[in-house]
Each structure stands twice: as structure tokens, then as C-alpha cells.
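Read the structure below first, then the notes.
The values are calculated or read from the model by the stated rules, or taken from the named source; none is laboratory data. It should be emphasised that the depicted structure is a prediction, and the values quoted were computed from it without experimental measurement. Positions of Cβ are backbone-derived with ideal geometry, glycine not excepted, and every protein chain shown enters the neighbour counts.
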Amino acid sequence: MKILVSRICKHSKARNKNQSVFECRLKIINIGIIFYILISNTSAASDETQNNAERIIKYRDTSVNPCDNFYQFACGNYARANVTPIHEQQKSIVADKISDLIQKGTGSKDFKPFKLIDDLYKTCMNEDAMGQEALAILDRILKKLGNWPVFENDEWKESNFDWIDFTIGSKKIGLDINYFLDLKPWRLVELNKTSIRYLIDIAPAEFKDPVTNASDPLLVAYGKYIANVFALLKNKQNSSKEINEIIEFESRISEINLQNYKEAYREKLTIQELIKRWPSINWNELINNIIIRNLKTPVEITEITLWSSHAVSEFIELLAKTPRHVQANYAVWKIIQNTIPRLSEKYRNLKREYCLTQKCENATHALSCVGVVKRHLAPAVNLLYAKNYYKNDIDTVISNMIDNLKEVLVNLVNESTWMDQETKKVEIEIIKNTQFVIGYEEKNKSDEEFVKYYEKLEVDTDNYFQTLLNLELFSIENRFDNSTGLDAESSIKLFDSFYPLNISGKIYIPLPSLSKPFFDVNYPMYVNYGYLGTSIANELIESITTLVKDFGHDNAINNETITCFRNQLNILNNTHHKSTANVLDFSVIPQITAQMSMKISYLAYRRASKNVEEPALQQLPYSNNQLFWINSAQNLCTDDLPNEPKIIDNKYTGFEFYYAKILTSIREFHDDFNCSSDKSFIKFYGKSCSYL
């Protein structure tokens, strides 16, 4: 379980260091049970109900008392069920649908957003649109940017190259590459208003793992890759010295990235402070000219955010001691490296060979072209998917669920005995004003708005490389423009997201989570609330900024409630066995969000189903309320369970103990399973702390 959890939760930890593995598991939706229950008397509905019952039977371990170890009870035999893990299904179900839509073509000649999809995919797949013409464009670009010293021998002069001029020039051409330092917009919510911060980011790492020396197989393969590309570009001279210099420079960039990743922090500086701190850099020139100036809404930047000032310092120091011809050779190589997928097959084969050593993207040509369409025409692709698969009644069901969850959470805040009235007022205001995007942001926009958004974008069907330059220019402009009304960045993220997530202060419930087999408007409420309701509640709780402010830091207030949460899992923190416990986050906020998301979702489910008759599973001796808890737990099943050591009294894995401890705070769970105090987990380990 440790290996799977670490792998799946890596991105979540990078996004929010306070997020626990438990929360991540809550978001890795439905690893276990797949629900096919339709409210109908048809034979198909009967089959679906039977399948659901069979899955519950397969996954559960009835030798375990649910009051003692509920996760083991619900998932104990999951590994033997031999099912496809949900994290694999997540990536394929919607992705396959989108790929099919793009590959078969929309057939639209009059609706420009869909015509762009067709034209871009066909151009990407057309070998005749690549090759020699792309090389000719590449040659013109390099000449415009000052040529390549590796090919010019003594004719190239150090004084000819300035990395800031090179960066600005390539952006204006449509090459959106971060060679040195780049400026990126970052949308977020501050004081309940969406704002944009601007990040200074250093060049990304070519090598994702540390490299030891020049004989490292990865460096050898990279050097061979560059040399073979040079040869195809008709370089007749021995360029081994220049290649080694490029590799050494990139190795150092990768090292700076790797060393500073875990130490990354956000530091805001004014432009004046930026200039004072690193006076060797012409910051005004760099910042002002990276933004394309023909924006509909002018952009004025007064403050810059750094992920790691230490990384910036190290990178600027590296630039200062690196000869300009090395910088130029490296920068031009990055252009060529990024252009290779647009060149002929012989260039692409060299990349495939290199990717056998370095784990880089190496999809089939068709899937690569699908990825290009999704990346560059994200809002249009979202619209295409929605028009084919999105049902309008989903909005009604999910909106009701959200309103119900909000009302339950507001009631719990009002009933709190330890919050003062001012704190309650602030939290309730945030809960009520939290915005949700169901499915996709642009569904309420007219087709005409999409047409206007893309009106200046053209696809050159005879020249793939030029088309990509056009697309990059379009992207650069809209990245800094707030007036378009369409958010390509959010659209791209939602392609690959399966669980609700917070982007710029809005909670998005992406399309992949709103379709079978994971969700359906006709599924019983104990299914939809057990899966989606819990995940929405998790994001809703995280959106309460006062909770984050008060309890998310070392200097948090020290009342009895928070002290209890800090101390209740010491038994795991003090366990030194190598296990999942070592990667779980036991800080206050993850415990609260894990606990509250289940409690809120359950109470909301009970309210919604109060006057509704829903089918039970006749094959199983469980009430609908019990099925909510079973479904919720089986959403988290993994096949690593048998390999996890029982680190607590030889009876519980780290996650089993954590899950059982969280449930002890929810009285309704114990009522539903008739847990007697003398036989349950509570007798030996006590009740969990309770936030609300």
C-alpha cells in the first residue's frame, strides 16, 4: 500500500503539503465498488443490482467485526477480486471518449471551434505537413534569434548573445519555452476575489533524477541524442565539446531544481525589491516584454512571487559563470528539442530511442496528436465532450447535493460550542459563498462566445510547425488576458482530473467524475453521496480559509479541540516500523477534513433520502445506511492491503487504524452498525476528537 499511496498522492502533496493520504484516497474515487443500480424493474436493472451485490461480497472480509476494523471489513478481500484499479480506469474512460471524438472528426465546417479541432488533428497526422518545410521555418527562426554558435565556428561572437533578448524574441515568434527565467500567471482567490499573481520560474529540469557523473547512462544517451540530431542537421564538424558543455549546463539546472523542490516556498517581492536583490538582471526588460502587448486588457505588474528565492539565486549565479556561447548553444538546442515532434519521422525516431533511457512522453503518433488538440484547444474540446456526453439533469442532482452539503455544514458550525459568534459568522459566509463549477466552466456560454474566442486563430493545414507557432502565440496572449471569459488552464486540468478540485477559489467537479460507472443521476443516494458527496465535502471544508489560517500553522491557537487533534495519533507518530504510517500526514487539518467530509456527506445523505424510498440490496443483510458506509470505504480499497504490516498491536495497519479512529467521532456510524461499547474499537483506543 505504501508504494501505491506514495505514487498516487505525489501530485496532491505537491499542491498542498497539509493534505493527508487519507484525503488523497478520498479523492482516488471508487477504487473498489462500481455501482450499476438503476431504479427500474427491467432485467438490466436486476443484473446491475446483482453485480453490485457480488462486488460487495467479493471485497468484504466478514471475519472482521465492522465496529473493530471497518476498512478491513469492507476491503479485506479486495486483492483477491482481481479488478482493474480505479486510478487506471480514471485515466482511460473519459480519455478514450475524447480521443474517439477527436479522431473520428466533428464534421463541422461552419462552427469554428470544432473545425479547428478537425483541422489541427488532421494537420498533426499529415506527414506532408511536417518535415522539410518545418526545417526551413526552424532555420529562419534560428537566424532571427542570432544563429547557433556550434555551427558558426569563429564567426559567432560572445557579445552577440543576451539571454533576455533571446527569451523575448522567441516568445514573440511563438516559442513558449522556458530556457532561463520565465514569467507565469497564477490565478488565486484572496479576500473572496480572484486575482493574478506572477511567478518567476527557473528553467525546468531535463533530468528528473540525480545524475552522478559524465558516464551516467542517462547523460550518455542524452549526448548521443544531441549528436545524432546534429548529424541530421548536416553538422560536419566534431561538436563533442559543445555537446558536453550543454549537458553540463543542463545537469546543473536539473540539480538546482531537484535540490530546491522540497524547500520551495512563496515569497512576494516588489519589482524594486527584485531589482535590489539581483541587480545583475534587467528585470524590467524581462518582465515587461514577456507579456504580449496587444492584450485586450492592459496588464500592470507591481509584485512578483518566487517559489524559491534560493533556486533563483543559484540559477543567476550559474548564468554569471557560464560563457554566453554555452548559453546560446543550450537555448538553441532546447528549441530544436521541442521542435522534433513536428519534424520528419527520422527525427522522431531519435527521440523514441532517447526515451528508452529517459522517461519522457513517447506516445503513438495518433495519441500524441490527440494530446496536442487537447492542450491547445482545451475549451473547444470540453465543449465537444459535453455536447456528446453531458446530461442536463446532472446539474440538478449535483446542485441539490451541494446545497444539501452546505446546509449541513452551516448547521454544524452554528451548533459548535467552542466557536465564538464572529468566527461562526465568517465561516458560514465562506461556506455559503463558495462557488462550484459542475462539469465544465463554459457550459452556460453561447456558441457565439466560443466562436468569438477563437476568431483570430487559424490552422495552416499545409504547415504543422507554423500552426503550432500560431497556437502558442494565441496561448501566450490569452494566458495574461482576463477579458476572454474562457479559461484554457482550467479546461486542461479538468481533462486529467477525476475528483473535485479547487482552482482559483472555485471548486470544480470535472466531467470524468459525472458519468458511469462512477456516478449516475439514477443511482441510489447512498451510492452518489458515498462517492461524490464525500469528495465535494472534503473540498468544501478545505475552502474555509479561517480554518486554514487558525489551525494550519505552528503558531495555531491552542484550545482543547486543536490540542486533542494534535495528540490523538501519537500512537502512529511514535511507531517506527517501515509502513504507510510513515507517509501519512497526521497534522490537524487533514484529520479534520477527513473526519468532517464523511460526517457531512452522511448527514446530507440522510436529509436527502428522508422521504424517498430507495431499493436495498436484497442479496445482502445491510440497510441502506450501512450501504453508504460500505460504499464509502470500498471507494478506498487497494490491492496492497495483504502486504501492509500490522503495526498497531499486530492488529492494524497505519491506514486501518487512522480510518477506524476517524469513524469513532461519528456517532451515526456506530448507531447504524449497532456497535456495543464493550466490543468496538472505542473500548481499546478511545473516541476520536470532534471538530463539529
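Under the condition of being among the hydroxyl-bearing types (S, T, Y) and touching a Cys at 6+ places or on another chain (Cβ under 9 Å), which residue from the stretch 337-392 is surrounded by the most Cβ atoms within 10 Å (Cβ to Cβ)? Before you say what the answer is, go through the steps one by one.
Step one: filter the stretch 337-392 for residues among the hydroxyl-bearing types (S, T, Y), giving 339, 344, 347, 354, 357, 364, 368, 385, 389-390.
Subsequent filtering for residues that are touching a Cys at 6+ places or on another chain (Cβ under 9 Å) retains 354, 368.
Working: Y354: 21, S368: 15.
Step by step, filter the stretch 337-392, then rank; the result is Y354.
Is it the case that E303 is at pLDDT 85 or above, within 30 Å of A221 (Cα to Cα) and within 29 Å of the chain's Cα centre (by Cα)? Can you show your working first?
Values: at pLDDT 85 or above: yes; within 30 Å of A221 (Cα to Cα): no; within 29 Å of the chain's Cα centre (by Cα): yes.
It is false that E303 is at pLDDT 85 or above, within 30 Å of A221 (Cα to Cα) and within 29 Å of the chain's Cα centre (by Cα).
Going through the stretch 96-114 one residue at a time, which ones are touching a residue at least 12 places away in the same chain (Cβ under 8 Å), in a helix (DSSP H, G or I) and of a type outside the set (G, A, S)? It would help to see each step written out before you state the result.
Initial filter on the stretch 96-114 (touching a residue at least 12 places away in the same chain (Cβ under 8 Å)): 97-99, 101-103, 105-106, 111-114.
Cutting the leftovers down to in a helix (DSSP H, G or I) gives us 97-99, 101-103, 112-114.
K97, I98, L101, I102, Q103, K112, P113, F114, listed by residue number.
Name the residues in the stretch 470-504 that are polar (S, T, N, Q) and at pLDDT 65 or above, would you? Step through it out loud before you land on a result.
Let us first name the residues in the stretch 470-504 that are polar (S, T, N, Q), namely 470, 475, 478, 482-484, 490-491, 497, 502, 504.
The answer is N470, S475, N478, S497, N502, S504.
Suppose we filter the stretch 655-692 for residues that are assigned to a helix (DSSP H, G or I), touching a Phe, Trp or Tyr at 6+ places or on another chain (Cβ under 9 Å) and not charged (D, E, K, R); how many remain? Don't jump to the end; show me each part of the working.
First pass over the stretch 655-692, keeping only residues assigned to a helix (DSSP H, G or I): 655-663, 667-672, 681-685.
Next cut, touching a Phe, Trp or Tyr at 6+ places or on another chain (Cβ under 9 Å) only: 655-663, 668-669, 672, 681, 685.
Then drop every residue that is not not charged (D, E, K, R), which leaves 655, 657-660, 662-663, 669, 681, 685.
Total meeting the criteria: 10.
Which numbered condition trips up S239, out of (1) polar (S, T, N, Q); (2) farther than 22 Å from L318 by Cα; (3) at pLDDT below 90; (4) surrounded by fewer than 18 Cβ atoms within 10 Å (Cβ to Cβ)?
Answer for S239: the failing condition is (4).
Which residue, of K144, K122, K115, is modelled with pLDDT under 90 and out of contact with any Phe, Trp or Tyr (no Cβ under 6 Å at 6 or more places or on another chain)? Even if it seems obvious, please write down each step before you answer.
Details: K122 fails: modelled with pLDDT under 90; K115 fails: modelled with pLDDT under 90.
Step by step, each of K144, K122, K115 is checked, and only K144 is modelled with pLDDT under 90 and out of contact with any Phe, Trp or Tyr (no Cβ under 6 Å at 6 or more places or on another chain).
Scan the stretch 509-535 residue by residue and report those that are in a loop (DSSP other than H, G, I, E, B) and not acidic (D, E). Give the derivation first.
Narrowing the stretch 509-535 to residues in a loop (DSSP other than H, G, I, E, B): 515-524.
Hits for the stretch 509-535 are S515, K516, P517, F518, F519, V521, N522, Y523, P524.
Quick test for you: out of L356, L350, pick the one residue that is more than 25 Å from the chain's Cα centre (by Cα), aliphatic (A, V, I, L, M), outside any helix (DSSP H, G or I) and under 30 Å from K208 (Cβ atoms). I'd like the intermediate steps shown before the answer.
Working: L350 fails: outside any helix (DSSP H, G or I).
Only one candidate passes the filter, namely L356.
Which condition does K104 not pass, out of (1) of a type in the set (D, E, K, R); (2) within 31 Å of the chain's Cα centre (by Cα); (3) buried (at least 17 other Cβ atoms within 10 Å of the Cβ), if it passes all the others?
Of the numbered conditions (1) of a type in the set (D, E, K, R); (2) within 31 Å of the chain's Cα centre (by Cα); (3) buried (at least 17 other Cβ atoms within 10 Å of the Cβ), the odd one out for K104 is (3).
Is it the case, given these coordinates, that L405 is touching a residue at least 24 places away in the same chain (Cβ under 8 Å) and more than 28 Å from the chain's Cα centre (by Cα)? I'd like the intermediate steps shown before the answer.
Details: touching a residue at least 24 places away in the same chain (Cβ under 8 Å): yes; more than 28 Å from the chain's Cα centre (by Cα): no.
For L405, the condition - touching a residue at least 24 places away in the same chain (Cβ under 8 Å) and more than 28 Å from the chain's Cα centre (by Cα) - is not met.
Checking I291 against (1) within 32 Å of the chain's Cα centre (by Cα); (2) hydrophobic (A, V, I, L, M, F, W, C); (3) surrounded by fewer than 18 Cβ atoms within 10 Å (Cβ to Cβ); (4) more than 25 Å from L258 (Cα to Cα), which test does it fail?
Against the list (1) within 32 Å of the chain's Cα centre (by Cα); (2) hydrophobic (A, V, I, L, M, F, W, C); (3) surrounded by fewer than 18 Cβ atoms within 10 Å (Cβ to Cβ); (4) more than 25 Å from L258 (Cα to Cα), I291 comes up short only on (3).
Can you find, within the stretch 410-451, the residue that is surrounded by the fewest Cβ atoms within 10 Å (Cβ to Cβ) among those that are under 29 Å from the mean Cα position of the chain (by Cα), of a type in the set (K, R) and assigned to a helix (DSSP H, G or I)?
Selected residue: K432.
Would you pick out the residues in the stretch 505-528 that are modelled with pLDDT of 85 or more, within 20 Å of L627 (Cβ to Cβ) and either of a type in the set (S, T, Y) or in contact with a strand residue (DSSP E or B) (Cβ under 6 Å, 6 or more places away or on another chain) (or both)?
Hit for the stretch 505-528 is Y526, nothing else.
What about D403, is it in a helix (DSSP H, G or I) and either touching a Gly at 6+ places or on another chain (Cβ under 8 Å) or among the small types (G, A, S) (or both)?
Values: in a helix (DSSP H, G or I): yes; either touching a Gly at 6+ places or on another chain (Cβ under 8 Å) or among the small types (G, A, S) (or both): no.
So D403 fails the test.
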